[in-house]
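Values in this text are rule-based calculations from the coordinates and carry no lab data. No experiment lies behind these values; they were computed from the predicted model shown. When we count neighbours, we look across all protein chains shown, and the Cβ atoms used for this are built from the backbone with ideal geometry, even at glycine.
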Amino acid sequence: MKIVTLGYCCKKSKANHENAVIAAKNKGIQEEVKNIADTSEIVKLGVMSTPAIMIDGKIVSSGRMLSVEQVEKLIEKYI
Amino acid sequence: MEKELIEEKSQKSKKLKKRWIFLMVVAVIALAVGIAAIVDGVNGIEALGSFVSDQILGMKWLNALVGLALAALFGEEFLATHWGGALQFFLYDTIKIIVLLCTLIFVISYIQSYFPPERTKKILGKYKGIGANIMGALLGTVTPFCSCSSIPLFMGFTRAGISSGVTFSFLISSPLVDLGAFILLVSVFGFPIAITYVVVGLVLAVIGGTIIEKTGVGKHVQDFILEGSMADVDAEEMTKRERLCYAKDQMLATLKKVWVYILIGVGIGATIHNFIPTEWVQAVLGEDKWYSVLIASGVGVPMYADIFGTIPVAEALFFKGVGVGTILSFMMGVTALSLPSMIMLSKAVKPKLLFSFIAIVVAGIIIIGYVFNAVGFLFI
């Protein structure tokens, strides 16, 4: 399972990425949680509001900072 | 097959239920207005309007309560002094604004969760001409975005083929007009001024955007904005629980972010309200002074504050007899243009467009100020 967080410009996006890393670890996901910070790349993916999270190439959340539990729930849903 | 049918039915009944709730709310409001009209004609409706704006939204009763509490604690004499008055204004305004802010941000965020930028972009793509500008201005009031996400928003809109005029209508109305500002304005100035503020703000957004497009300066965006493609994604539909959770998070985040501005704003407001002589304020910002609007805009534009922090200052100026137009210019200047958002925007557009944008908004704000000072007597 590939998890990518989008956005790294503001506090919210950073916290979002950190929460995703912790959630992935808690769920025993081996693959590294990647981050895309480049705005142009983010827009190319169709996202206009960060923080966003992409799981296996699908945007599952955007414009919201998620807590560790919320990311865990998303992982369960798309596993 | 059967399962699907049942699901469809339950969805239909849910929709029906929602419609019923909506109708009930409308009926209750209509009933209240109707009773008011029967009892006392037009006066009755006016009385109802001022009851809502003074007591429910304006919490005048809270002011009286704070006054009583202070009088009981420190005696009547203290309350009559400058310090007593300032303390009363400070306590009353801080409590009022924080209560209103929490309720409002919660409700607004819930509504906003239906309009993520991705969806706004899709809706806007369907409109053409002036209709698109109006939609842009309207959606600007309900789409959540911080200065941090103005670049992706700009890119997304442009790549989706939305014209520069519509994008700028959106960008102008977004910080200027929102539901929260509207309700707060009602609580301080009453319905007529609040409604006018919103209408004028939207008109400024539509005209400003149109000028930017028609004069051709709208093309001067940075090259990287235009390069590359953009995928269309359907954002996951949120459940009701997620929306409530989102609204709660937004409320706490906003409160954390703006409480300092509110305290500063209320502090300045209390100072103006109680320590600065009315003649001084009148001498600089008085209705009969032709330069009052220019001063208000000049001070307001470089300042960066949340609309919630601006209102107590406006409130105090209003009590000192400053013209409505001057106050509107000040508030619009503070909220519409700010240094951080200009810096973000300067990364996405070329200087020529940035300066045209600033010039148009400032000109609009000044014109609004003069027009309202000229016809302000209609509102008070």
(message) Using DSSP H assignments, which helices in chain B have an axial alpha-carbon span of 30 Å or above and a mean Kyte-Doolittle hydropathy of 0.0 or higher?
(response) B:2-51, B:82-112, B:191-214, B:240-274, B:351-375
(message) Test of understanding: what is the full-extension gain from B:LEU31 to B:ILE111, defined as 0.36 nm times their sequence separation minus their Cα-Cα distance?
(response) 26.2 nm
(request) Among the lysines, select those whose C-alpha is under 18 Å from the C-alpha of B:LYS219, and discard any that sit fewer than 8 residues away in the same chain. (result) B:LYS128, B:LYS347, B:LYS350, B:LYS352
(message) Debye calculation, C-alpha points only, no solvent: report log10 I(q)/I(0) for region A:3-78 at q = 0.19, 0.20, 0.22, 0.28 Å⁻¹, in the same order as the q values.
(response) -0.67, -0.74, -0.90, -1.45
(request) Enter the Cα centre distance for the pair region A:40-79 and region B:274-305, rounded to the nearest angstrom. (result) 47
(message) If neighbour count is taken as other Cβ atoms inside 10 Å, put B:TYR110, B:TYR92 in order from fewest to most.
(response) B:TYR110, B:TYR92
(request) With a ≥ b ≥ c taken as the square roots of the eigenvalues of the C-alpha gyration tensor of region B:75-176, please select rounded if a/c is under 1.5 and otherwise prolate if a/b is larger than b/c or oblate if it is not? (result) prolate
(message) From the gyration tensor of the Cα coordinates in region B:15-57, what semi-axes in whole Å does the equivalent ellipsoid have, largest first, with each one equal to sqrt(5λ)?
(response) 25, 13, 5
(message) Nearest 500 deg cm²/dmol is fine: what mean residue ellipticity at 222 nm does the protein assembly as shown get from its DSSP H runs of n ≥ 4 alone, each adding -39,500 (n - 2.57), divided by its residue count?
(response) -24000 deg cm²/dmol
(request) Could you give the size of the charge dipole of the protein assembly as shown about its Cα centre, using +1 on the Cβ of each K and R and -1 on the Cβ of each D and E, expressed in debye and rounded to the nearest 20? (result) 1200
(request) Assign unit charges at the C-beta atoms only (+1 for Lys and Arg, -1 for Asp and Glu), then state the dipole size of region B:92-164 relative to its Cα centre in Debye, rounded to the nearest 20. (result) 340
(request) Report, in whole Å, the centroid distance computed from the Cα atoms of region B:12-45 and region B:311-380. (result) 36
(message) Under a Cβ-only charge scheme (Lys and Arg +1, Asp and Glu -1), can you give me the dipole magnitude of region B:88-378 about the Cα centre, in debye to the nearest 20?
(response) 420
(message) Taking the square root of 5 times each eigenvalue of the Cα gyration tensor, what semi-axes in Å does the equivalent ellipsoid of chain B have, largest first?
(response) 37, 30, 20
(request) Grab the Cα-Cα distance for B:LYS256 and B:GLU77, subtract it from 0.36 nm times how many residues apart they are, and report the gain in nm with one decimal. (result) 60.8 nm
(message) Taking only the Cα atoms of the protein assembly as shown, how large is their convex hull per residue, in Å³?
(response) 182
(message) Along the Cα→Cβ direction, 7 angstrom out, place labels at B:ILE38 and B:LYS352. What is the inter-label distance in nm?
(response) 6.6
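With a 10 Å Cβ neighbour count serving as the proxy for reagent exposure, in which order, fewest first, do B:CYS245, B:CYS102 appear?
B:CYS102, B:CYS245
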(request) Pick out, from B:ASN43, A:SER40, A:CYS10, the residue whose Cα sits farthest towards the positive end of the charge dipole of the protein assembly as shown, with +1 on the Cβ of Lys and Arg and -1 on the Cβ of Asp and Glu. (result) A:SER40
(message) I'd like to know which of B:LEU153, B:LEU62, B:ILE183 lies farthest towards the positive end of the charge dipole of the protein assembly as shown, counting +1 on Cβ of Lys and Arg and -1 on Cβ of Asp and Glu.
(response) B:LEU153
(message) Show me, for region A:32-45, the HN-Hα J-couplings you get by feeding each phi into the Karplus relation (A = 6.51, B = -1.76, C = 1.60, θ = phi - 60°), rounded to Hz, glycine and proline as x.
(response) 5, 7, 8, 9, 10, 9, 6, 4, 4, 4, 4, 5, 4, 7
(message) Using Cβ counts within 10 Å as a stand-in for footprinting exposure, how do B:ILE295, B:ILE366, A:ILE53 rank, fewest first?
(response) B:ILE295, B:ILE366, A:ILE53
(request) Find the lysine pairs in region A:3-78 meeting two conditions, Cα atoms under 18 Å apart and a separation of 8 or more places or different chains, and report how many there are. (result) 14
(request) On a 0 to 90° scale, report how tilted helix A:68-78 is relative to the longest principal axis of chain A, with both axes built from alpha carbons and the result rounded to the nearest 10. (result) 80
(message) For region B:168-226, place one equal point scatterer on every Cα, skip the solvent, and apply the Debye formula. What is log10 of I(q)/I(0) at q = 0.15, 0.20, 0.29 Å⁻¹?
(response) -0.53, -0.74, -1.09
(request) Evaluate peptide B:152-161: per residue, the Cβ atoms of other protein chains within 10 Å of its Cβ; return the mean as an integer. (result) 4
(message) With an 8 Å Cα cut-off and a minimum separation of 6 or more residues, compute the relative contact order for chain B in percent.
(response) 18
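Determine the gain in length on full extension of the stretch B:ARG241-B:ILE45; use 0.36 nm per residue of separation and subtract their C-alpha separation, reporting nm with one decimal.
Details: separation 196, 0.36 × 196 = 70.56 nm, distance 3.76 nm.
Additional length available on full extension: 66.8 nm.
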